[in-house]
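Engineer: Below is a structure I'd like to ask you about.
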Amino acid sequence: MNPIIPLPVSAVETGAAFTLTDNTTITIDANNDELAAIGGYLAGWLGAAGGWELPVTTAAAPRAGAIALTLSGADASLGAEGYQLTVTPEGVVIAANRPAGLFYGVQTLRQLLPAELEGQAGRSAQDVNLADWTIPTVVIRDAPRFGWRGMMLDVARHFPAGGVEDVKRLIDLMALYKLNRLHLHLTDDQGWRLMIESWPRLAEVGGSMAVDGDPGGYFTQAEYAGLVAYAASRYIDVVPEIDLPGHTNAALASYPELNCDGTAPDLYTDIGVGFSSLCIDKEITYQFVDDVIREVAALTPGPFIHVGGDEALSTPEADYVRFMTRVQQIVQAHGKQMLAWEEAARIELAPGSAVQHWHDEMAAHAASQGAQVIMSPAAHSYLDMKYDDTTALGLNWAGNVSVEKAYSWDPAAVQPGIAESAILGVEAPLWTETVRTLEELEYLVFPRLLGIAEIGWSPAAGRSWKEYRVRLAGHAARLEALGVNFHPLVE
Ligand code: TNX
């Protein structure tokens, strides 16, 4: 059997094989548009890989020779994202309680098929070699350890060179490894990357440049809504971040009235942090925050709005607490829950607010207040750290993060005072101070993101680098077929 990442909870091979043929059909439960969409996604993947068309039909019961996707018959204990995948000589049945589970079962089926079938759009039926389509019979039962399995992309320091298409490619790659949250760091000192209709200069002026004076860019609201919908079709929630009250030079440069002295600073193209702050005593600051959060909330189906709160080194402590407390109220007034970097644990967190751990003990303080925590320890999960001293790209303030180091940690053990019950899940951030192109982005993200995906999904017991590195090596051909520019999988 091909190596599966993330490792399933259990997989028992049963000693025979199933071969897809041009008679294979995909069957789904009747009257369910979401299942029709997942069936179409699978048919599209198989079609691209084999140059054939598999019909998607509805069926009351699994049919011989079919790949059945059904919401009947799954164990309730598998929850909302779990699935059972049963391959027999007669066919494949994927059963789940919710459509998300079927989507993940489809990703596992995809990994069971040969890696060379990835990225084959344009093949014709004559190229199909039936031997390529044989998979061992197996019974897989699988469900995630954590509900939040994310990656963060900083589109502020550098805006993706290929715009929304680059982000969609990343979304597709995340889906293959069962990740379900894409946190977009939309604003920072060097750029504001989402059009806010009530404050258009944020994007027009604040989005016009990037680090080193590189080209800027921003998402229109229509483009952003399109990304949210595309991600949703891959069971990924987009989590928007508007970084406040520091990391705001791009906003301050766009509107002089947001500055305490009424004077707009120049756009900033260096990579220092901690020098900018919104003007905490001006009422227009809160009008600005309210307008931005209202527009962002309207674009966000999920429950959380991330409001940054990190490295506000030029905002006095008392001002920070007053400001973030008010921001928390504004987020709630727009029907959302506040998410912020762990520095925000300095305020009294409201029920439902959550923080993101990255470098110190503040998240433990949030947990002691009853808040949920997302684990992004820089020394293990920061995708912008160099792999080793020879890596040309990236930073190293948190040390080098080898492929092994990105895999070898546990969310419930890495930081004292944060119990498993307080942990929503894991997220790997890619800050883009040094990242200009999709190729560079992929080099830093892959393969470390696969390890983060496994930490978020697979049971802690039994995970080991020694075993994982072999499975990871087995994914080189798949990433190659997908055209991913990855760092060597195992050093
Ligand atoms: C720290 S992590 C930051 C970012 C930088 C990053 C570079 C965090 C909340 N703040 O502003 O981009 O380091 O690694």
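Derivation of every value follows stated rules applied to the coordinates shown; laboratory data play no part. Note that this is a predicted model, so its numbers are computed, not measured. We place every Cβ from the backbone using ideal geometry, glycine too, and count neighbours over all the protein chains shown.
Engineer: Could you let me know the centre-to-centre spacing of the range 302-381 and the range 127-174, using Cα atoms, in angstrom?
Structural biologist: Each part reduced to its Cα centre gives a spacing of 29 Å.
Engineer: Let me ask something additional. Select from Gly50, Val138, Ala74 the residue farthest towards the positive end of the dipole of the range 10-142; place +1 on Cβ of Lys and Arg, -1 on Cβ of Asp and Glu, and compute about the Cα centre.
Structural biologist: Of Gly50, Val138, Ala74, it is Ala74.
Engineer: Compute the relative contact order of the range 10-142 as a whole-number percentage, counting only Cα pairs closer than 8 Å that sit 6 or more residues apart in sequence.
Structural biologist: 35 percent
Engineer: Please list the equivalent ellipsoid semi-axes of the range 10-142, computed as the square roots of five times the alpha-carbon gyration tensor eigenvalues, in descending order and whole angstrom.
Structural biologist: Equivalent ellipsoid semi-axes, largest first: 22, 17, 13 Å.
Engineer: Pull up the DSSP beta bridges for the range 148-481 and report the antiparallel fraction as a percent, rounded to 5.
Structural biologist: The antiparallel fraction comes to roughly 10 percent.
Engineer: So, counting K/R as plus one and D/E as minus one, what does the shell of residues with Cβ under 14 Å around Leu71 add up to?
Structural biologist: Residues close to Leu71 contribute a combined charge of -4.
Engineer: How about the range 292-388: which GluC sites (Glu not before Pro) there are in a DSSP loop, with at most 12 other Cβ atoms within 10 Å of their Cβ?
Structural biologist: Glu348
Engineer: Moving on. Let's see if you can work this out: charge +1 on each Lys and Arg Cβ, -1 on each Asp and Glu Cβ, no other charges. What is the dipole magnitude of the chain about its Cα centre, in debye to the nearest 20?
Structural biologist: With Lys and Arg at +1 and Asp and Glu at -1, about 1440 debye.
Engineer: Angle between the Cα long axis of helix 448-457 and the longest principal axis of the chain, 0 to 90 degrees, nearest 10?
Structural biologist: Long axis of 448-457 versus the principal axis of the chain: about 80 degrees.
Engineer: Once amide H atoms are built 1.01 Å from N in the peptide plane, which residues 5 or more positions from Gly308, or in another chain, come under 5 Å H to H?
Structural biologist: Under 5 Å from the amide H of Gly308: Ile242, Leu244, Trp341.
Engineer: In the range 148-481, with Lys and Arg counted as +1 and Asp and Glu as -1 at Cβ, which of these residues, Ala344, Tyr320, Trp199, has the Cα nearest the positive end of the dipole, that is, farthest along it?
Structural biologist: The one lying farthest along the dipole's positive direction is Ala344.
Engineer: Given H placed 1.01 Å from N in the peptide plane, which residues other than close sequence neighbours of Leu395 have an amide H under 5 Å from its amide H?
Structural biologist: Correct list: Met385, Lys386.
Engineer: Here is a follow-up. Summing +1 for each Lys or Arg and -1 for each Asp or Glu, what net charge is found among the other residues whose Cβ lies under 11 Å from the Cβ of Asp237?
Structural biologist: Local charge sum for Asp237: +3.
Engineer: Apply the Karplus curve 6.51 cos²θ - 1.76 cosθ + 1.60, θ = phi - 60°, to the phi angles in the range 271-286 and return the couplings in whole Hz, x for Gly and Pro.
Structural biologist: Karplus-based 3J(HN,Hα) across the range 271-286 equals 10, x, 10, x, 9, 9, 8, 4, 8, 5, 8, 8, 5, 4, 4, 7 Hz.
Engineer: While we're looking at this one, here's another question. Quick one: which residues, 5+ away or cross-chain, put their amide H under 5 Å from the amide H of Thr14? H built at 1.01 Å from N.
Structural biologist: Correct list: Thr137, Val138, Val139.
Engineer: Counting only Cα, what are the radius of gyration and maximum Cα-Cα distance Dmax of the range 148-481, in Å?
Structural biologist: Answer for the range 148-481, Rg first and Dmax second: 18.9, 59 Å.
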